[in-house]
Every structure is written in C-alpha cells, then in structure tokens.
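The values are calculated or read from the model by the stated rules, or taken from the named source; none is laboratory data. Everything numeric in this text was worked out from a predicted model, so none of it was measured. Every residue, glycine as well, gets a Cβ built from its backbone with ideal geometry; the counts of neighbours run over all protein chains shown.
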Amino acid sequence: MMWTKLKPRIWQWRGVLMAVPNVTALTIALRLTGLLQLLELATLDQFFLLRPPEAVDTRIVIVEINEADIRKQGQWPMSDAVLAGVLEKIRQQQPRAIGLDIYRDLPVNPGHQALVNVFESTPNLIGVQKISDTFDSSSVDASPVLKKRHQIGANDLPLDGDGKIRRGLLYLNLKNDEILESFGLKLALLYLKAQGITEQPAANNPNYLQLGRGVFPTFEANDGGYIRADAGSYQVLLNYRGRIQQFTRVSLTKVQENQIPPNLMRGKVVLIGATAESLKDLFYTPYSSNVLTDPERMAGVTIHANLVSQILSAAIDGRPQIKTLPEPLEWLAILGWSMIGASLCWLQRHSGNQKSLMVVSVFLVGGGLLGGSFLAFLAGWWIPVVPSILAFAGSAIAITQYIAQSAAQMRKTIGRYLTDEVLANILETPSGLKLGGERRKVTVLVSDLRGFSAISEQLPPEQVVTILNLYFGAMTEVINHYKGTINEFMGDGIFVMFGAPISRKDDSQRAIACAMAMQLAMQQVNEKNQQMNLPILEMGIGINTGEVVAGNIGSQKRAQYTVIGSHVNLTARIESYSVGGQIFISENTRKDANIELKIAGQLQIEPKGIKDPVTIYEICGIGGKYNLFLPQDDETMINLNQELLVEYTVLQGKHAGGTVFRGELVSLSEKGAQLQSLHSLELLSNLKLKLLIEPELPPGEENLYAKVIKKVDESVFLIRFTAIPPKAIAVLNALCQPV
C-alpha cells in the first residue's frame with residue numbers, strides 16, 4: 001500500500017531523485033581531490049576585499065623602514081648603535097610591548113654593547129627567530145641576548161599553495177617537545193597582561209587557547225576550503241583587519257629625529273619592521289587579489305600587526321574569529337544546494353518560457369548563494385561557496401540535460417508519426433507553436449478498418465491493442481515514406497495530411513501513392529496476424545483535395561496542429577463509401593494529381609452535409625514514378641444449390657433501421673455475395689444481415705455486415721462483406737465448397 005502511494009511521487013520527482021545524489025557525490029569527490037581549493041581561497045580573498053574597512057587599531061603602532069629611511073641611514077643593515085638609539089627613543093614613550101621584526105643574530109658594529117644593554121634593560125622587547133627551514137628559505141637564529149632572556153617569538157608565516165598568507169601561528173612545536181610562542185602572540189600577551197588577561201584553556205575545549213573574551217580554535221587540515229593543508233603546530237585563520245593603513249604608522253627617520261608626538265606609543269604595541277621593496281620582506285595576502293590592478297604585497301611587519309590586532313580584538317572586544325563548519329555539515333550544504341538547483345529547474349520544466357525562467361532563476365538563486373555566504377563571512381563564518389555553486393549549477397545542468405533528453409525521446413516518439421522535416425517546422429520555427437491558422441490547399445487521406453468494431457468485441461483488449469499496434473506501425477512507416485503528416489489516430493482510423501505544415505507540388509500524387517502502398521502493406525500485416533492467430537483485417541481509404549485552414553488549433557495549455565474545413569468532412573464521407581481494399585478519391589484530387597491513374601470505376605454520391613453531388617473514383621493503380629498497382633480481385637461467385645435465407649436491416653450511419661427485410665443469398669464468394677430481395681436497395685447502402693440457419697449461431701456470431709456494391713437485376717444485388725464473425729465465416733466457407 002505504501003509503495004503504491006510512493007511510486008507516483010517518485011515518478012513525479014524522478015529527475016530530481018536521479019540528479020541530486022549523483023551531482024552531490026561528484027561534487028564532494030571533486031572537493032576531496034583538492035581541485036577546488038584554489039577557487040575557494042580566491043573566493044575568500046574577494047570576501048576580504050569586499051568587506052567594509054574596519055576602524056584603525058590605535059593600540060598598535062608600526063615603525064616602518066621604507067626606502068627613504070634606508071637611503072637616510074647610508075647603509076643597511078643599520079649599525080647596532082643606530083638600532084640601540086631607535087629602541088631607546090621608543091622605550092622612552094613607554095609602550096607595553098616592542099616587537100623588533102629585524103633579524104639580529106650577529107653583531108653589526110660599532111655600538112654592539114650599547115644594543116646589548118638596551119636588550120638587557122628592556123623586558124618588554126621581543127625579537128624574532130625564523131624556525132622553518134625549507135628548500136627556498138633557511139632558518140634564522142635570534143639575538144643570543146634576547147634568546148637567553150626568552151624574549152623572542154617565531155615570525156614564521158604559513159604559505160598556501162598559491163603563495164599567499166591566510167593563516168597565522170600562535171605556537172610552534174620545536175624539537176624535544178618544546179613550544180615557542182609566535183612573534184604576534186608574544187607581543188599580544190605582553191599587552192593583555194597589563195589588563196589582567198592571561199593564557200588559559202577554553203571552557204568548551206581545553207585544547208583551544210582562551211584569552212579574555214576570545215577563544216582561538218586550532219586550524220584543521222580540511223577547515224573551510226582547505227583540503228589536506230599542513231596544520232602543524234597551533235595555527236589560526238588570519239582575520240585580517242586590513243592593510244597597513246588600518247594601523248598607526250611612523251617612519252624610522254621620524255622616530256630618529258623626534259618628529260612624533262611624545263605619547264604616540266604610550267601603552268601600545270610597537271612593531272619595528274621593513275616595508276621597503278629592496279629588503280624583500282613582502283608577501284602575497286588576500287589583498288593581493290585585485291582583479292583590475294597589479295597584485296600588491298604586504299610587509300611581514302603588517303601581517304604580524306594584523307595577528308596582534310586579531311588577538312587583542314578577540315580578547316578585549318569580542319571580535320569573532322573566522323569559524324568553519326564541520327565537514328559533515330559542509331556536505332549537507334552541498335546536498336541542500338544540489339536539491340535547490342535540481343528542484344528549481346524541475347518545477348519549471350512545463351513553463352512556456354522554460355529556458356529564460358531557468359536562466360533567470362539560476363542567476364538569482366546563485367547570486368543569493370554568493371550573497372548569503374558573504375553575509376556569513378561578515379558574521380565570522382567561512383562557508384565554502386564553490387562546492388555549493390557547483391552542486392547548484394551542476395544539478396540545474398543535469399536536470400536541463402535530462403529534460404532535453406526527455407524532449408529528444410519524445411521527439412523520437414512523435415517522429416514515428418511525423419517526418420523529421422515536419423517536426424523541424426513545428427518545433428524549430430519561430431511561429432511553429434503559435435495558435436492560429438492559414439488557408440492552404442491540402443490533400444487529406446482518411447483510412448478505416450472495416451468491421452473492426454465487431455472484431456474488437458470478440459477479442460480480449462490486449463489482443464485488440466496488439467492488432468492496432470501492428471497495423472499502425474506498418475501504416476506509419478508507409479505514410480512517413482511518402483512524407484505525409486499523421487494528424488491523429490481515430491480509433492482504428494488514420495487521419496493524414498499532405499500539404500500541411502509543409503506544402504509540396506506533388507502532395508495529391510503522394511497521397512494517392514501512399515494509399516496504394518498502404519493497401520499493399522495490408523498483406524504483410526495480415527500475414528503477421530495469421531501467424532499470431534489473429535483476424536484478417538481490411539481497410540478502406542478516402543482521399544480529397546481542397547482549401548482548408550491549417551494551423552495550431554486549441555488553447556494555450558493544449559493545442560493540436562490540424563486542418564479544418566468542409567473538405568476535411570468530405571474526405572471522411574468519401575472514405576465511408578469504401579469497402580475493404582478500396583481507395584476512393586474525389587474529382588478534385590484526380591485533377592490536382594494530374595498523373596496516370598488506373599480507375600476501376602466511378603460513382604456519383606450525395607454525402608450528408610454536402611450541397612452538390614460529388615463524383616468519386618475507385619483507384620487501383622498509379623503510374624509515373626510511383627508505378628503502384630493493386631492486385632486484381634478475380635474471385636468468382638459460386639451459385640448455391642439452395643438459397644441461404646437471411647434477415648437484414650439497412651444501417652443509417654452506425655445504427656440499424658427499424659424495418660427488417662427478408663432475402664436470400666443466391667451465390668457466394670470469399671468476400672461477397674448476391675442478395676435476392678423484393679425490397680429495392682440503394683447503391684453503397686450498409687446492411688446488417690442475420691443468417692437464418694439451423695442450428696442458430698451463438699449470440700454475437702449471427703450478424704454479418706455488408707455494403708451494396710452493384711445492382712445485378714431488379715431483385716438481385718451484389719454485396720461486399722465488411723465484417724463477418726468467425727462462426728459465420730465457417731458456415732459460408734462450407735457453403736462455398738463445390739458439391
């Protein structure tokens with residue numbers, strides 16, 4: 001019961017259910033390979049660039065050493081005496097911490113002792129030491145004096161694969177399980193100590209450092225957009241405040257020449273470092289990702305200032321760190337966006353302007369995804385956006401492709417009834433699907449199986465469908481070969497157009513040739529029917545040519561390309577006069593075809609609803625390039641030794657008249673008989689006959705249907721059987737056997 005209810009739902013959302021799991025799994029697999037990392041990091045850079053500038057952090061002062069300062073010194077590195085003088089001037093301003101981002105592992109005389117004295121008398125002075133030793137850079141030791149006094153911090157900066165710095169270090173793991181604070185953390189701790197803030201484990205995770213209001217989560221290898229990054233030591237994602245302009249800065253020369261306010265550095269963190277291009281202490285950061293300008297680099301001292309500012313702002317102001325989601329939640333987000341993309345396109349698949357709606361929706365929702373991720377970044381969350389966009393767009397593309405394939409399959413299915421060029425005209429021309437019509441000359445062919453209603457009553461529905469599919473399949477191939485357009489299947493009848501939607505000069509010729517080929521193809525259809533023990537079928541065809549209105553008729557929700565007009569109705573009337581194996585064409589079609597035709601006879605009829613009498617012709621062959629001819633019907637009548645009594649009524653349309661007449665069948669053939677009756681019968685009248693024999697035939701087997709073909713004499717009429725039940729066929733066949 002549950003599956004019965006669930007199955008329609010599954011089918012209703014089949015496209016989504018197929019696309020979402022596959023696209024989600026592919027996106028997650030692609031992310032895990034690391035191929036999306038650089039794109040994700042580049043997106044993060046743009047978020048930094050788009051983020052509104054924060055206020056200048058006045059707690060930090062940068063003493064920069066620029067190119068002008070180097071020229072002023074006259075030499076580089078500056079001597080120990082000059083450096084000692086600079087440090088002394090800074091110390092006089094009573095900062096809380098002094099960070100010397102200049103390597104001083106060896107003396108630079110003269111004045112070395114003066115520098116040693118400053119180092120030893122300045123407990124809040126922190127020097128730097130480079131720990132890492134790689135193939136393109138070497139480790140650099142710290143000043144022996146500062147190292148001995150434990151006044152050093154590591155100034156190593158972790159590099160990403162694209163050479164940019166997006167992470168900072170708080171602690172470095174050394175050999176022998178020793179730990180060294182980073183340069184930035186060391187300075188921040190000196191500042192915070194004066195405010196009573198010291199290191200302690202976080203309450204929610206003892207492995208995290210907490211300083212005041214700030215908790216610093218340890219960077220993991222797969223945090224954010226990273227995949228298998230080097231997460232050694234204690235790293236954090238750098239939450240940059242900004243470029244050097246976001247800090248108070250003065251030049252080395254101004255400090256030396258006392259050109260700074262006397263209290264500029266009081267109670268602050270002072271960092272001394274190089275910003276000059278020639279000293280090559282410059283790095284690529286997220287701010288190097290300007291699209292329209294050359295990439296700018298940031299001095300190492302500015303990066304350290306950003307880390308100090310990040311620590312102080314978190315501990316004192318509660319400024320959030322850049323947080324990331326656990327991987328399972330990121331995968332869930334990918335799944336969610338995949339579902340949104342697929343559902344969005346799937347729900348719009350039946351819209352009239354499907355493509356434009358899809359494009360607009362995808363761009364709007366994709367923009368919302370980017371905008372939402374940026375707002376989350378402003379709130380301190382780094383949510384990977386590239387996998388979500390890929391999942392969203394990938395699902396949308398997958399659904400679009402699925403819809404296109406379904407349309408192609410539908411086109412292929414429709415193509416069984418329409419030619420490729422007809423499909424192209426309807427589906428690919430600008431006006432192909434617009435409602436409306438136009439007058440044009442069209443040749444209409446209508447075919448119908450004789451007595452099929454009676455046959456279908458005697459057979460199970462499954463066999464009826466089998467017969468029709470076999471019949472329609474064979475006829476469709478013939479019609480397509482002659483470039484006819486199947487307008488519709490009408491029960492067991494076929495309505496075919498020649499000249500709509502594409503008009504050709506030989507439309508009427510091809511219609512007649514098509515009718516010939518259809519009648520000839522019935523032989524193969526019946527051979528297959530006999531192999532499956534199914535009844536023999538006979539088909540009548542009527543053809544007419546005239547001016548009709550052709551176009552898309554209906555409403556905006558449902559329309560059909562068809563033709564309407566009196567000539568369509570006349571074609572159906574002409575077809576109704578035919579018997580199995582016959583083809584009747586109108587005078588209009590004969591003249592329009594203007595080709596050699598083999599005419600078996602002609603009749604003048606007065607169809608219902610038509611003002612004037614119409615001449616129709618029975619066609620049994622067409623010459624010219626078609627050269628198709630029906631086999632001659634050479635069956636002979638066998639005179640019966642004893643007349644077969646029958647009762648009959650004249651059919652009015654599909655209904656039998658009220659009067660019952662008596663007659664005798666005086667001779668028989670396989671397909672017809674001669675009926676002797678005192679009642680006069682009109683040509684082409686349809687009759688319902690009942691055999692009066694002993695024993696009586698079972699109910700439903702006693703009625704035969706026939707059409708009056710010819711008047712033999714005053715009381716004898718030639719009739720053509722149109723439907724005979726199996727039991728009646730056996731009786732008639734026995735009577736036809738020679739004695």
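Worth a mention:
- Residue within segment 690-700 that is over 19 Å from S576 (Cα atoms), out of contact with any helix residue (DSSP H, G or I) (no Cβ under 9 Å at 6 or more places or on another chain), of a type in the set (D, E, K, R) and buried (at least 17 other Cβ atoms within 10 Å of the Cβ) present: yes
- Output for segment 648-662, where each listed residue is in a loop (DSSP other than H, G, I, E, B) and at pLDDT 75 or above: T659, V660
- Residue in segment 698-707 that is in contact with a strand residue (DSSP E or B) (Cβ under 9 Å, 6 or more places away or on another chain), over 25 Å from P607 (Cβ atoms), in a loop (DSSP other than H, G, I, E, B) and modelled with pLDDT of 85 or more present: no
- Looking only at segment 308-338, residues that are more than 21 Å from G366 (Cα to Cα) and without any contact (Cβ under 8 Å) to a residue 60 or more places away in the chain come to 2 in all.
- Pairs where the first residue, in segment 364-385, is in contact (Cβ under 8 Å) with a residue 40 or more places away in the chain and the second is loosely packed, with under 12 Cβ neighbours inside 10 Å, C-beta under 7 Å, 6+ apart: F374/L50
- Extreme residue, nearest to S373 (Cα to Cα), among residues of segment 307-332 that are assigned to a helix (DSSP H, G or I) and touching a Pro at 6+ places or on another chain (Cβ under 8 Å): E330
- Here I126 meets the list (1) within 18 Å of Y103 (Cα to Cα); (2) surrounded by 21 or more Cβ atoms within 10 Å (Cβ to Cβ); (3) under 59 Å from the mean Cα position of the chain (by Cα); (4) of a type in the set (A, V, I, L, M) almost entirely, failing just condition (3).
- Residue check for A188: within 27 Å of D317 (Cα to Cα), modelled with pLDDT of 95 or more, in the same structural domain as R228 (by TED's automatic domain parsing) and surrounded by 12 or more Cβ atoms within 10 Å (Cβ to Cβ): yes
- Check on D45, over 30 Å from Q113 (Cα atoms), assigned by TED's automatic domain parsing to the domain that holds P107 and acidic (D, E): no
- Qualifying positions in segment 685-711 - β-branched (V, I, T) and more than 18 Å from R662 (Cα to Cα): I709
- Pairs where the first residue, in segment 671-682, is in the same structural domain as V708 (by TED's automatic domain parsing) and surrounded by fewer than 16 Cβ atoms within 10 Å (Cβ to Cβ) and the second is among the hydroxyl-bearing types (S, T, Y) and at pLDDT 85 or above, C-beta under 8 Å, 6+ apart: L678/S715
- Which listed residue is over 49 Å from the mean Cα position of the chain (by Cα), assigned by TED's automatic domain parsing to the domain that holds I512, polar (S, T, N, Q) and on the phi < 0 side of the Ramachandran plot, from T615, T545, T571: T615
Listed here are the residues, each with its yes/no results for (1) crowded, with 19+ Cβ neighbours inside 10 Å; (2) in a helix (DSSP H, G or I); (3) at pLDDT below 90; (4) within 27 Å of the chain's Cα centre (by Cα).
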site	(1), (2), (3), (4)
W11	no, yes, yes, yes
V16	yes, yes, yes, yes
V20	yes, yes, yes, yes
L38	no, yes, no, yes
L41	yes, yes, no, no
V63	yes, no, no, no
D69	yes, yes, no, no
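- Segment 194-215, residues that are in contact with a Ser or Thr (Cβ under 9 Å, 6 or more places away or on another chain) and either at pLDDT 95 or above or aliphatic (A, V, I, L, M) (or both): L209, L211
- Each residue in segment 164-202 was checked for being small (G, A, S) and in contact with a strand residue (DSSP E or B) (Cβ under 7 Å, 6 or more places away or on another chain), and 4 of them qualify.
- For V666, the requirement of being under 17 Å from N641 (Cβ atoms) and modelled with pLDDT under 90 is met.
- Residue check for A500: within 44 Å of the chain's Cα centre (by Cα) and in a helix (DSSP H, G or I): no
- The lone exception for L146 - which of (1) surrounded by fewer than 12 Cβ atoms within 10 Å (Cβ to Cβ); (2) farther than 30 Å from L44 by Cα; (3) at pLDDT 90 or above it fails: (1)
- Restricting segment 362-402 to residues that are aromatic (F, W, Y), farther than 15 Å from N22 by Cα and in contact with a Ser or Thr (Cβ under 9 Å, 6 or more places away or on another chain), the residue that is surrounded by the most Cβ atoms within 10 Å (Cβ to Cβ): W382
- Filter pass, A84 being assigned to a helix (DSSP H, G or I) and of a type in the set (G, A, S): yes
- Criterion: in the same structural domain as G127 (by TED's automatic domain parsing), farther than 24 Å from L378 by Cβ and buried (at least 19 other Cβ atoms within 10 Å of the Cβ) - qualifying residue of G341, G273: G273
- With respect to being assigned by TED's automatic domain parsing to the domain that holds Q310, surrounded by 15 or more Cβ atoms within 10 Å (Cβ to Cβ), out of contact with any helix residue (DSSP H, G or I) (no Cβ under 8 Å at 6 or more places or on another chain) and aliphatic (A, V, I, L, M), V86 falls outside the description.
- Hey, N258 among the polar types (S, T, N, Q), under 28 Å from T324 (Cβ atoms) and surrounded by fewer than 22 Cβ atoms within 10 Å (Cβ to Cβ) or not: no
- Top-ranked residue of segment 187-212 - restricted to ones that are aliphatic (A, V, I, L, M) and assigned to a helix (DSSP H, G or I), ranked as farthest from the chain's Cα centre (by Cα): L190
- Total residues in segment 150-160, condition surrounded by fewer than 16 Cβ atoms within 10 Å (Cβ to Cβ) and either touching a helix residue (DSSP H, G or I) at 6+ places or on another chain (Cβ under 7 Å) or not assigned by TED's automatic domain parsing to the domain that holds P123 (or both): 0
- The set of residues from segment 170-186 being touching a Leu at 6+ places or on another chain (Cβ under 6 Å) and not in a strand (DSSP E or B) comprises L174, G184, L185.
- Any hit, segment 722-739, residues being at pLDDT 85 or above, under 60 Å from the mean Cα position of the chain (by Cα) and outside any helix (DSSP H, G or I): no
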